[in-house]
1. Among (1) modelled with pLDDT under 85; (2) loosely packed, with under 12 Cβ neighbours inside 10 Å, which single condition is GLY19 missing?
2. Specify the residue that is nearest to the chain's Cα centre (by Cα); the eligible residues are those in region 52-91 that are among the charged types (D, E, K, R) and in a strand (DSSP E or B).
3. So which residues in region 57-74 are within 14 Å of ALA97 (Cβ to Cβ) and among the polar types (S, T, N, Q)?
4. Check GLY43, GLY54 and return the single one that is closer than 15 Å to GLU23 by Cα and free of Cβ contacts under 8 Å to residues at least 60 places away in the same chain.
5. Would you tally the residues in region 22-31 being modelled with pLDDT under 90 and in contact with a Lys or Arg (Cβ under 9 Å, 6 or more places away or on another chain)?
6. Any idea which residue in region 53-85 is nearest to LEU28 (Cα to Cα), counting only those that are modelled with pLDDT under 95 and of a type in the set (Ser, Thr, Tyr)?
7. Of the conditions (1) more than 11 Å from VAL34 (Cβ to Cβ); (2) in a strand (DSSP E or B), THR94 fails just one. Which one is it?
8. Inspect all residues belonging to region 41-51 and state whether any of them is surrounded by fewer than 16 Cβ atoms within 10 Å (Cβ to Cβ) and at pLDDT below 95.
Amino acid sequence: MKRPAALTLLALAMMTIAGCREELPAKLKPGQSVTIEGAIEAGAECPMIATSDGRRFSLAGDLKSFTAGDRVCVRGRVAESSFCMSGEAVIAVTTIAPEGQCK
């Protein structure tokens, strides 16, 4: 196997092992796709997710049976507008799963 192919396979394996632990940019933009792991918290208007590094985001959409205190992995898009007023941004949830099990 050539070196570039081996490095590509190594990178893919590391990403698979890491699950949905992708690095969030400091500033999120409306429409941007994100994957966030953390704990669901009660918010003033909407539920929120708190990450291990202290960032907080409002969540809009179906959280299935997950409630405050559950550790989850959320995939979604940064909303352009919302009535949710807490956190850095509002994430329109497209999928939610237990932490470490994003699909």
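The values are calculated or read from the model by the stated rules, or taken from the named source; none is laboratory data. The structure displayed is predicted, hence computed values, not measured ones. Cβ sites come from the backbone with ideal geometry, for glycine too, and all protein chains shown count toward neighbours.
1. Of (1) modelled with pLDDT under 85; (2) loosely packed, with under 12 Cβ neighbours inside 10 Å, only one is false for GLY19: (2).
2. If we filter region 52-91 for residues that are among the charged types (D, E, K, R), which is where we start, we get 53, 55-56, 62, 64, 70-71, 75, 77, 80, 88.
Going one step further and asking which of them are in a strand (DSSP E or B), we end up with 56, 71, 75, 77.
Numbers: ARG56: 11, ARG71: 11, ARG75: 5, ARG77: 9 Å.
This residue is ARG75.
3. SER65
4. Values: GLY43 fails: closer than 15 Å to GLU23 by Cα.
One residue alone meets the criteria, GLY54.
5. Going through region 22-31 one residue at a time, the tally reaches 1.
6. SER81
7. Against the list (1) more than 11 Å from VAL34 (Cβ to Cβ); (2) in a strand (DSSP E or B), THR94 comes up short only on (1).
8. yes
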